[in-house]
Amino acid sequence: MRGITHARWAAGAVAVALAATGCGGGSSDSGGGSGSGGGVLSSSWGDPQNPLEPANTNEVQGGKVLDMIFRGLVRYNPKTAKAENMIAQSIDTKDSQNFTIKLKDGWTFSNGEKVTARSFVDAWNYGASLKNNQKNAYFFGYIDGYDKVHPESGKQSADTLSGLKVVDDHTFTVKLNQKFSGFPVTLGYAAFAPLPQAFFTDHAAWLNKPVGDGPYTIESYTKGSQMQLKKWTGYKGPDAAQNGGVTLKVYTDNNTAYTDLMAGNLDLVDDIPASQLKNVKSDLGDRYINTPAGIIQTLAFPFYDKDWNSSGAQKVRTGLSMAINRKQITETIFNNTRTPATDWTSPVLGSAGGYKSGLCGKACDYDPAEAKKLIKEGGGLPGGQVKISYNADTGSHRDWVNAVCNSINNVLGNGKACVGNPIGTFADFRNQIGQHKMTGPFRAGWQMDYPLIQDFLQPLYYTDASSNDGKWSNKQFDQLVDQANAETDLPKAVSTFQQAEGVVRDNMAAIPLWYQNGSAGYSQRLSNVALNPFSVPVYDEIKVS
Amino acid sequence: MGRYVVRRLLQMIPVFIGSTLLIFLMVNVMGDPIAGLCGERQCDPATAAQLKHQFGLDQPVFPQQYLTYMGNVFTGDFGTAFNGQKVTELMGTAFPVTIRLTIVAIIFEIVIGIALGVVTGLRRGRPVDTGVLLTTLVVISVPTFVTGLLLQLLLGVEWGWISPSVSPEATFDELILPGLVLASVSLAYVTRLTRTSIAENRRSDYVRTAIAKGLPRRRVITRHLLRNSLIPVVTFIGTDIGALMGGAIVTERIFNIHGVGYQLYQGILRQNSQTVVGFVTVLVLVFLVANLLVDLLYAVLDPRIRYA
């Protein structure tokens with residue numbers, strides 16, 4: 001903002017032409033809310049990778065929009081991450097396997113359609129069906145009949161999930177194929193959102209301009225450039241938008257978004273570039289937020305490689321964990337936007353939700369002497385060297401992998417004990433992991449889908465689970481997870497999950513590195529800005545002056 | 001002349017086929033594009049198989065995938081990007097933006113580059129010449145992203161003269177600075193090229209004759225000196241059109257311009273073969289046409305160069 005005033009007289013012939021462009025940039029942000037509760041704010045955005053459908057959106061950028069235009073049965077409290085009933089009046093079960101879901105009256109989609117039990121059942125059937133190619137289909141995997149609608153290979157033998165039954169307009173029942181006490185908590189995930197009939201009757205039109213039942217409606221959507229969302233004045237829910245709307249602008253580079261924020265061209269950046277972390281406090285002061293998110297970074301191991309699955313390998317893994325100076329790396333590389341991990345979940349769960357600080361114990365403390373001893377006892381590093389694989393295309397993975405390797409090398413007194421193994425693209429990285437081509441530890445990041453300890457353990461470490469990329473398998477762990485899922489009492493379930501987490505620790509199935517924070521910065525026009533536990537801004541609560 | 005044009009057009013066919021095939025193979029060698037689609041989680045096998053089938057990735061790359069693809073391209077179907085958009089739709093939004101950016105850049109090259117070249121060429125060894133030579137040396141040696149970020153920071157944030165990022169509409173006036181940044185290196189080359197060429201031709205017989213005939217200085221320079229000296233410059237600028245369009249990745253990223261460079265970058269990051277191959281195919285065509293035009297322009301500039 002500094003120079004804008006003296007720009008007038010300083011402007012020479014060229015500058016006049018250039019200055020004209022300055023006015024063209026922020027066309028939408030200054031437009032008032034036309035009496036619908038405050039102004040419109042602009043926010044940085046990334047181009048969603050998949051078509052915007054609830055069951056097809058598995059990344060943050062698309063999820064951001066769904067969170068604004070949809071409300072589901074359950075919503076996670078933006079502050080505490082606790083699952084609270086939204087459209088659901090009640091979700092009842094006696095055996096953790098059969099659920100009766102009753103809906104509140106009066107909810108509608110922004111096109112006027114009523115939200116009924118059918119809106120949910122149809123949406124879930126659509127999401128689960130193999131022929132619709134929905135990337136989040138596995139979320140419906142617990143519902144009875146999923147194997148018919150979405151077989152692992154071949155053609156589907158049913159179009160609808162047999163476990164879903166509509167009782168009346170406001171009631172439906174869900175039968176699961178196994179006991180799962182945490183099921184109601186998962187229902188806040190976007191994949192479980194209700195869909196209006198318009199979605200099924202004119203799918204292409206819906207994709208061009210999605211219609212939901214949330215506090216915002218989509219005013220216009222130019223794919224790849226920007227989306228204008230407006231406050232929906234007809235919204236009856238308890239969390240109506242406090243601002244007139246949000247303009248999401250696509251940025252390819254978060255550095256440009258940050259520059260735009262500094263120039264007063266943008267109101268909100270929800271991803272501070274790593275290179276700016278050093279200046280962000282002096283640039284923004286208290287308009288910089290840095291809060292925990294449900295993300296943990298770990299190093300996974302290829303257990304399909306016998307070198308890493310031998311009897312001594314467990315000691316080597318633990319030794320490697322102890323050789324990593326987490327505190328120093330989070331401070332120097334990440335400027336404290338990450339916190340050294342001491343368990344395998346995330347602090348956003350809270351202790352009631354399953355987070356247990358220090359569960360990892362000594363195995364996560366930096367202890368060079370013990371680390372060296374353990375690695376030696378375990379038979380040394382397989383092949384004399386570890387290679388940490390990571391994708392080099394995004395994030396600052398190169399920086400921290402090198403730091404982790406340095407830490408290990410220093411401990412072992414061998415400059416070549418650990419090296420990074422960059423892989424060009426994320427797709428290729430995932431590809432090699434999927435084909436089990438990893439020969440050493442590899443980067444694994446996990447962002448929770450829903451705030452439940454189960455989500456941090458079962459998908460990652462259960463035998464043959466969807467994200468068990470290292471193919472770790474342990475009978476005791478599987479048993480404890482099954483037991484925890486069958487538990488009807490949530491606190492009991494949580495403590496059983498923590499026992500299972502203990503098995504992960506004792507075997508060091510993956511090395512926990514750090515919990516990731518969400519970081520954001522905003523302009524002086526905004527107030528009441530916060531990030532939810534998924535590191536997405538709580539848009540509906542932002543006030544624009 | 002007519003036969004020459006036909007021969008040139010025929011030569012373009014193998015170049016086109018060869019380059020697209022190469023790109024096609026290169027993109028596909030990078031591994032399974034579906035693997036990255038599901039995020040940190042492995043796609044479930046059934047959905048992955050279904051998606052592969054949908055994008056035609058379950059067939060051998062060569063010749064099936066390539067032939068189907070090329071067959072579709074000739075009917076104007078460039079396939080579908082992973083986000084469900086038609087690649088032609090992406091091109092429809094990206095190319096106009098990049099073409100505008102390229103036009104701005106080329107205008108800078110022609111106007112500033114040639115003007116500076118003529119001035120310095122006529123005043124060899126003088127302070128102006130040395131000054132411009134030094135400046136161009138600096139411009140050439142500093143990478144585009146440094147120039148871009150620096151100007152963005154100074155003009156956009158510190159002084160507030162311009163908006164640091166370009167709006168989705170990307171109008172001509174917004175593209176002035178990005179165009180200058182994109183043009184900067186080529187501009188320096190154009191200046192140096194023109195300078196050398198002018199300085200050389202200044203001492204040639206025909207210029208001496210023209211001066212001896214008593215022609216006005218302005219006419220000697222524009223009609224005699226410049227016309228001949230511009231031949232290498234025109235070659236350079238012509239081939240540069242393609243280079244600028246494809247090489248705008250850095251500039252477009254800095255100024256958040258949603259053009260060809262942006263789409264290519266996204267396509268490569270997400271390993272979206274349909275987008276990458278589609279855009280590169282069009283870029284190859286642009287290169288070829290630009291080269292053809294350069295060759296034809298030769299004949300116009302210098303009647304001595306007449307191909308059979």
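The values are calculated or read from the model by the stated rules, or taken from the named source; none is laboratory data. As the structure is a computational prediction, the values presented were derived from the model and not from experiment. Here the Cβ positions follow ideal geometry from the backbone for every residue, glycine too, while neighbour counts run over all protein chains shown. Accessible surface areas use protein heavy atoms only, side chains included; no ligands, DNA or RNA. Shrake-Rupley method; radii C 1.70, N 1.55, O 1.52, S 1.80 Å.
Residue by residue, here is whether (1) under 26 Å from residue A:178 (Cβ atoms); (2) in contact with a strand residue (DSSP E or B) (Cβ under 8 Å, 6 or more places away or on another chain); (3) basic (Lys, Arg) holds:
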| residue | (1), (2), (3) |
| --- | --- |
| A:48 | no, no, no |
| A:70 | no, no, no |
| A:87 | yes, yes, no |
| A:105 | no, no, no |
| A:108 | no, yes, no |
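When residue B:9 is tested against (1) open to solvent by 30 Å² or more (accessible area, probe 1.4 Å); (2) under 26 Å from residue B:269 (Cβ atoms); (3) of a type in the set (A, V, I, L, M, F, W, C), just one condition goes unmet, and that condition is (2).
Being part of a helix (DSSP H, G or I) and either closer than 16 Å to residue A:294 by Cβ or open to solvent by 40 Å² or more (accessible area, probe 1.4 Å) (or both) is true for just one of A:516, A:498, A:483. Which residue is that? Before the answer, list the steps.
Numbers: A:516 fails: part of a helix (DSSP H, G or I); A:498 fails: either closer than 16 Å to residue A:294 by Cβ or open to solvent by 40 Å² or more (accessible area, probe 1.4 Å) (or both).
Answer to the selection: A:483.
Are there helices (runs of 4 or more DSSP H) fully within the stretch B:114-202 with at least 1 residues that are out of contact with any Cys (no Cβ under 8 Å at 6 or more places or on another chain), within 14 Å of chain A (Cβ to nearest Cβ) and surrounded by 15 or more Cβ atoms within 10 Å (Cβ to Cβ)? List them. Walk me through how you get there before you give the answer.
Working: elements: B:115-122, B:127-141, B:144-151, B:176-202.
So the answer is B:144-151, B:176-202.
Looking only at the stretch A:69-98, how many residues end up being under 26 Å from residue A:346 (Cβ atoms) and of a type outside the set (A, V, I, L, M)?
Taking the stretch A:69-98 and keeping what is under 26 Å from residue A:346 (Cβ atoms), we get A:70-86, A:88, A:91, A:96.
When the remaining residues are screened for being of a type outside the set (A, V, I, L, M), the result is A:70-72, A:75-80, A:82, A:84-85, A:96.
Final tally of qualifying residues: 13.
Condition first: part of a loop (DSSP other than H, G, I, E, B), within 23 Å of residue A:403 (Cα to Cα) and either more than 9 Å from every other protein chain (Cβ to nearest Cβ) or open to solvent by 20 Å² or more (accessible area, probe 1.4 Å) (or both). Now tell me which residues in the stretch A:419-448 satisfy that. Walk me through how you get there before you give the answer.
Filtering the stretch A:419-448 for residues part of a loop (DSSP other than H, G, I, E, B) gives A:424-425, A:435-441, A:448.
Of the ones still in play, those that are also within 23 Å of residue A:403 (Cα to Cα) are A:424-425, A:438-441.
If the condition is that a residue be part of a loop (DSSP other than H, G, I, E, B), within 23 Å of residue A:403 (Cα to Cα) and either more than 9 Å from every other protein chain (Cβ to nearest Cβ) or open to solvent by 20 Å² or more (accessible area, probe 1.4 Å) (or both), then A:424, A:438, A:439, A:440, A:441 are the ones that fit.
Yes/no matrix, rows are residues, columns are (1) charged (D, E, K, R); (2) free of Cβ contacts under 8 Å to residues at least 40 places away in the same chain; (3) within 24 Å of residue B:28 (Cα to Cα):
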| residue | (1), (2), (3) |
| --- | --- |
| B:69 | no, no, yes |
| B:78 | no, no, yes |
| B:81 | no, no, yes |
| B:113 | no, no, no |
| B:125 | no, yes, no |
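Here is the figure for the stretch B:211-270: residues that are under 30 Å from residue A:393 (Cβ atoms), touching a residue at least 24 places away in the same chain (Cβ under 8 Å), open to solvent by less than 30 Å² (accessible area, probe 1.4 Å) and in a helix (DSSP H, G or I) total 13. If the condition is being closer than 16 Å to residue A:344 by Cβ and touching a Ser or Thr at 6+ places or on another chain (Cβ under 6 Å), then the stretch A:481-497 contributes only A:484.
Given the options A:271, A:267, name the one that is under 30 Å from residue B:166 (Cα atoms) and either crowded, with 22+ Cβ neighbours inside 10 Å or polar (S, T, N, Q) (or both).
On the way: A:271 fails: either crowded, with 22+ Cβ neighbours inside 10 Å or polar (S, T, N, Q) (or both).
Only one candidate passes the filter, namely A:267.
For the stretch A:319-326, the count of residues that are part of a helix (DSSP H, G or I), small (Gly, Ala, Ser) and touching a residue at least 24 places away in the same chain (Cβ under 8 Å) is nonzero.
Among the residues of the stretch A:269-291, are any closer than 17 Å to residue A:40 by Cα, more than 19 Å from the chain's Cα centre (by Cα), away from chain B (no Cβ under 14 Å) and in a strand (DSSP E or B)? No, the stretch A:269-291 contains no residue that is closer than 17 Å to residue A:40 by Cα, more than 19 Å from the chain's Cα centre (by Cα), away from chain B (no Cβ under 14 Å) and in a strand (DSSP E or B). In the stretch A:210-237, the residues that are open to solvent by 40 Å² or more (accessible area, probe 1.4 Å) reach residues that are of a type in the set (A, V, I, L, M, F, W, C) with C-beta atoms within less than 6 angstrom, at least six apart or across chains, in these pairs: A:221/A:227; A:231/A:241. Only one entry of B:2, B:84, B:18, B:76 meets the criterion of being more than 30 Å from residue B:187 (Cα to Cα), surrounded by fewer than 15 Cβ atoms within 10 Å (Cβ to Cβ), over 22 Å from the mean Cα position of the chain (by Cα) and modelled with pLDDT of 85 or more, and that entry is B:76.
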